[in-house]
């Protein structure tokens, strides 16, 4: 039980650390990372929940399914965010007159 | 006995359909557009004649369309709505003829006539509304469909006038809407013509009902230009003359006055009004408006502005009559003024438009001897002005006579005094115009004279005011005839004060 | 077997646009017929579902026959169907408009390659978004809703960034972060809810929900996420730049449809699934937020110089109205506030789509959307201006529009409950809306000054008619009220499949 509790606490901590970073940090990359940390925190919570900690009782598969789905979603969202961040970097940093020659494409 | 409610729908469609078609017409299809307009209004008048005869014979016409719980579109024709529909549609026909002449060669006529037809449609809707929610429905639509007409010229002044119009009317509409929703929650859905709400509510919610009455009157009072809610009307004078005619005689101001009548007689009911003690309040506002409008009219040099302030004052005679509604004669005077004021005021606006369009004359100081150049127009103007002052044998005399008798029978000496003072003021601001027009010598050329050959102005501009002036005299002389506004108003009053 | 055919029809609104999106992505040919065909088929399917709903009542379907804890359940009831209808209608309109929009820009000979590329990316993304929205309305469990929410934000963000302008990219990056934050908050909420009961299915949840700290925490987190995604007042910061800087059809989709998804969910959670957890205090907080949103959005809309920003801020203000419906729905026994809420969503959806499309057409013609320089545009494109005006009537809540019906129901609801103070805010918000709508109308009605600034090309029918038709639908929505009521109470009389507690 205590281990599971530690997992859950850790998950929550991660979530709020990510949240704080998302609010406070201004660099796009840091913001993306912050969101990923938050996501990891939530996943950790789910995984911890799946395990009842009781011997002989089957582990609940539903949270694991949710985490798997969540990871897929989070990867694709991160990809999109990275593309956008790169594009912003290019247009604001570089000579930048060729605005949007390659519009970012959403992957889902 | 039941007539078909579809007659009411047909009456509304007879102006709505031409309006929609006109929106789609290209600018240069003048003939088709005029034909459509005239056909529409003639059909409408025909249908309304049928309606009037039916109502007189005791048929009732109604149609219902329930929308959601507590919200029902309900069209219903009673003698009072027949009065207003008849007035609006006859004046619509005349104004359309006038507008065709007036707007010859000006841009955007499709829009103009389209919105014009819409305006008339929703005005008829206001007249035929059978409950408060239907009334609001058309009342707000009237605001929207008149806005494009007021800003029709697209000049900065007209845009400012339009903005002011919206500020006043939408604000008033919001108050009205609020009060109506509240009232409906208190009293339940209520059709016009029932005897007002149950009297136990008066005991329970007296102050709230009084507050709601004030809100409702403020809502319609904006359109009826009650002081201090009248500010938009003089500014809206910037619009073309047919629009002024529409605002003052056919639709907007009339709709406001009609709303006051409906609220007092059909929403609250006379008995409740007396119990709540609200009638003196209305009397006060009406007398204040009558005097204030007349005073302000005295100070204007711009002819149309003077007419506008005169409207503010005159329209409140209707409210005054209603506020003495427990006295039959005053009620008759107020209701008949709904018709009389419309015809007289439209005559004056037609004439003012003629002067502006033909000679470029906008100010009273420019009108010296103008009757020599345009005797017919000024003749009609004179009839209208004398009617406004209330001299016999014009229509204006009839309504003032009944109002005066009503005030006397109510022993309300303040009102009697106000009526006399206001007649004096009317004379004071109309007679100088007549004197300068007929007896002064013209000085120099007119500001912007156009020549129209044999007649003093375009025939289409000349006929409508002559016709309405003749009517002003006729319904004054023949007031006691079997078919006259007065006879119809007596028929209406039968229903409220048996 | 009726159930098989019913379930078959229920899957289509999700599968069809998804397939369409993939096809459009592979096909890579600019053409109208493929997306339009999918949008129209979607509309037909939804109409077919309407008939099914009217005959059979609320429908349920377990995908692949898997039972509830593991499988995915689709549920269709009155409110969900109305949302599907709105999406399908606006979707068809946007599809037509977008084709006209891109064709017009490509034919302008200014960077045609860029516009062609934009169009190629637009279609798959848009159909993807359509699939996600339909899935959102049909989903029957809270986790599946999370997935559709994420799909929705991904496609919405990509669409918002499509214009390629640096401002738009920055705005959509912020949009992405905001909506990610919302999703994660929602996901954390799921954790708390699953922890206490071990169910995700909406119907099962409704049955087992009982007040408790874990459930409350879950609901609060989910609601915060949804509020953020709906741009409810203090969380609206991301909306105006993202909506105002996107391409016109994209702005229309984002403002008219995407926002509605999360708002609808919020309302559904609070008054259907988790209704027994709700306290009046929470509702009053939401209502207060609504009032603040109405005024903040309205005042900022009044201050804008650019047309599209004005319309975007008006969305912020309108979201406030939906929130004001919350405290009024609590005591409501006659379901009139449910009706009011859905009415306003439908009316606002159609109107906002029409408004952004009309604004986009004006932008196309004049090359900018600075309001004071748009004078005389009424003569060039009367239908577009008319559509804008009609949509504005809806926002003001003037008759005969759907907004009017919604407002009337809200007002009577407020007075019925004795909560009259909300009515003042409702009316004042309407006047504010009138002020900012007519702030635009006024220059449009102005007579043109000087030489025409508009390019002389005639407005294509595809640009003119979709906004007009949608704004007229919104305007006459009040007349469809009996039909909408029939849908809401189909087969049994309850608004939602489980009925209100």
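The values are calculated or read from the model by the stated rules, or taken from the named source; none is laboratory data. None of these values were measured; they are calculated from a predicted model. Cβ: placed from backbone, ideal geometry, glycine included. Neighbour counts: every protein chain shown.
Figures for the structure shown
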| item | result |
| --- | --- |
| Residues that are crowded, with 21+ Cβ neighbours inside 10 Å and either more than 18 Å from residue A:70 (Cα to Cα) or facing chain A (nearest Cβ under 10 Å) (or both), drawn from the stretch C:190-204 | C:190, C:191, C:192, C:194, C:200, C:202 |
| Scope the stretch B:65-93; condition under 30 Å from residue C:406 (Cβ atoms) and part of a helix (DSSP H, G or I); matching residues | B:81 |
| Some residue of the stretch C:105-117 being modelled with pLDDT of 90 or more, more than 8 Å from chain A (Cβ to nearest Cβ) and either part of a helix (DSSP H, G or I) or more than 29 Å from residue A:69 (Cβ to Cβ) (or both) | no |
| Selected residue [closer than 18 Å to residue B:427 by Cα and crowded, with 24+ Cβ neighbours inside 10 Å] from B:396, B:334 | B:396 |
| Any hit, the stretch C:159-173, residues being within 9 Å of chain A (Cβ to nearest Cβ), within 16 Å of the chain's Cα centre (by Cα) and crowded, with 23+ Cβ neighbours inside 10 Å | yes |
| Scan of the stretch C:58-70 for residues that are part of a loop (DSSP other than H, G, I, E, B), at pLDDT below 80 and within 29 Å of residue C:488 (Cβ to Cβ), ordered by number | C:68 |
| Matching residues in the stretch A:1-37 - criterion: being more than 25 Å from residue A:59 (Cβ to Cβ), at pLDDT 90 or above and surrounded by 14 or more Cβ atoms within 10 Å (Cβ to Cβ) | A:17, A:18, A:19, A:21, A:22, A:31, A:32, A:33, A:34, A:35, A:36, A:37 |
| Odd one out for residue B:391 among (1) touching a residue at least 40 places away in the same chain (Cβ under 8 Å); (2) within 24 Å of residue B:303 (Cα to Cα); (3) outside any helix (DSSP H, G or I) | (1) |
| Hey, residue B:24 on the phi > 0 side of the Ramachandran plot and surrounded by fewer than 16 Cβ atoms within 10 Å (Cβ to Cβ) or not | no |
| Residue satisfying condition, being within 14 Å of chain A (Cβ to nearest Cβ), under 17 Å from the mean Cα position of the chain (by Cα) and under 20 Å from residue C:11 (Cβ atoms), within set C:127, C:81, C:138, C:85 | C:127 |
| Conditions (1) away from every other protein chain (no Cβ under 14 Å); (2) outside any helix (DSSP H, G or I); number of the one not met by residue C:323 | (2) |
| Qualifying residue in the stretch B:434-450 (condition: in contact (Cβ under 8 Å) with a residue 40 or more places away in the chain and surrounded by 21 or more Cβ atoms within 10 Å (Cβ to Cβ)) | yes |
| Any hit, the stretch B:152-163, residues being crowded, with 24+ Cβ neighbours inside 10 Å, within 30 Å of residue B:274 (Cβ to Cβ) and facing chain C (nearest Cβ under 10 Å) | no |
| Test: residue B:11 is more than 23 Å from the chain's Cα centre (by Cα), within 18 Å of residue B:119 (Cβ to Cβ) and either at pLDDT 90 or above or more than 14 Å from chain C (Cβ to nearest Cβ) (or both) | no |
| Unmet requirement for residue C:27, which otherwise passes all of (1) buried (at least 16 other Cβ atoms within 10 Å of the Cβ); (2) more than 16 Å from residue C:91 (Cα to Cα); (3) over 20 Å from the mean Cα position of the chain (by Cα) | (1) |
| Filter result (within 26 Å of the chain's Cα centre (by Cα) and surrounded by fewer than 21 Cβ atoms within 10 Å (Cβ to Cβ)) within the stretch B:63-83 | B:63, B:76, B:78, B:79 |
| Condition check for residue C:444: under 19 Å from residue B:158 (Cβ atoms), over 23 Å from the mean Cα position of the chain (by Cα) and more than 9 Å from chain B (Cβ to nearest Cβ) | yes |
| Residues that are assigned to a helix (DSSP H, G or I) and in contact (Cβ under 8 Å) with a residue 60 or more places away in the chain, drawn from the stretch C:208-224 | C:215, C:216, C:222 |
| Among the candidates C:265, C:303, residue that is out of contact with any strand residue (DSSP E or B) (no Cβ under 6 Å at 6 or more places or on another chain), surrounded by fewer than 23 Cβ atoms within 10 Å (Cβ to Cβ) and more than 19 Å from residue C:160 (Cβ to Cβ) | C:303 |
| Only listed residue being buried (at least 24 other Cβ atoms within 10 Å of the Cβ) and in contact (Cβ under 8 Å) with a residue 40 or more places away in the chain, chosen from C:295, C:356, C:386, C:326 | C:356 |
| The stretch B:121-131, residues that are at pLDDT 90 or above and either more than 13 Å from chain C (Cβ to nearest Cβ) or assigned to a helix (DSSP H, G or I) (or both) | B:121, B:122, B:123, B:124, B:125, B:126, B:127, B:128 |
| Criterion: more than 15 Å from the chain's Cα centre (by Cα) and within 30 Å of residue B:456 (Cβ to Cβ) - qualifying residue of B:269, B:360, B:333 | B:360 |
| Helices (runs of 4 or more DSSP H) wholly inside the stretch C:366-417 that include at least 3 residues being modelled with pLDDT under 85 and within 12 Å of another protein chain (Cβ to nearest Cβ) | C:377-380, C:402-417 |
| Qualifying residues in the stretch B:410-427 (those that are out of contact with any helix residue (DSSP H, G or I) (no Cβ under 6 Å at 6 or more places or on another chain) and touching a residue at least 40 places away in the same chain (Cβ under 8 Å)) - the one nearest to residue B:485 (Cα to Cα) | B:410 |
| Qualifying residue in the stretch C:174-195 (condition: more than 27 Å from residue A:63 (Cα to Cα) and either touching a residue at least 40 places away in the same chain (Cβ under 8 Å) or within 19 Å of the chain's Cα centre (by Cα) (or both)) | yes |
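Results for (1) in a helix (DSSP H, G or I); (2) within 30 Å of residue B:100 (Cα to Cα); (3) in contact (Cβ under 8 Å) with a residue 40 or more places away in the chain, shown as yes or no for each residue.
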{"site": "B:206", "(1), (2), (3)": "yes, no, yes"}
{"site": "B:210", "(1), (2), (3)": "yes, no, yes"}
{"site": "B:220", "(1), (2), (3)": "yes, no, yes"}
{"site": "B:228", "(1), (2), (3)": "no, no, no"}
{"site": "B:243", "(1), (2), (3)": "yes, yes, yes"}
{"site": "B:254", "(1), (2), (3)": "yes, yes, yes"}
{"site": "B:257", "(1), (2), (3)": "yes, yes, yes"}
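Yes or no, residue by residue, for (1) assigned to a helix (DSSP H, G or I); (2) under 21 Å from the mean Cα position of the chain (by Cα); (3) surrounded by fewer than 17 Cβ atoms within 10 Å (Cβ to Cβ):
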{"site": "B:418", "(1), (2), (3)": "yes, no, no"}
{"site": "B:432", "(1), (2), (3)": "yes, no, yes"}
{"site": "B:468", "(1), (2), (3)": "yes, yes, no"}
{"site": "B:488", "(1), (2), (3)": "yes, yes, no"}
{"site": "B:493", "(1), (2), (3)": "yes, yes, no"}
{"site": "B:498", "(1), (2), (3)": "no, no, yes"}
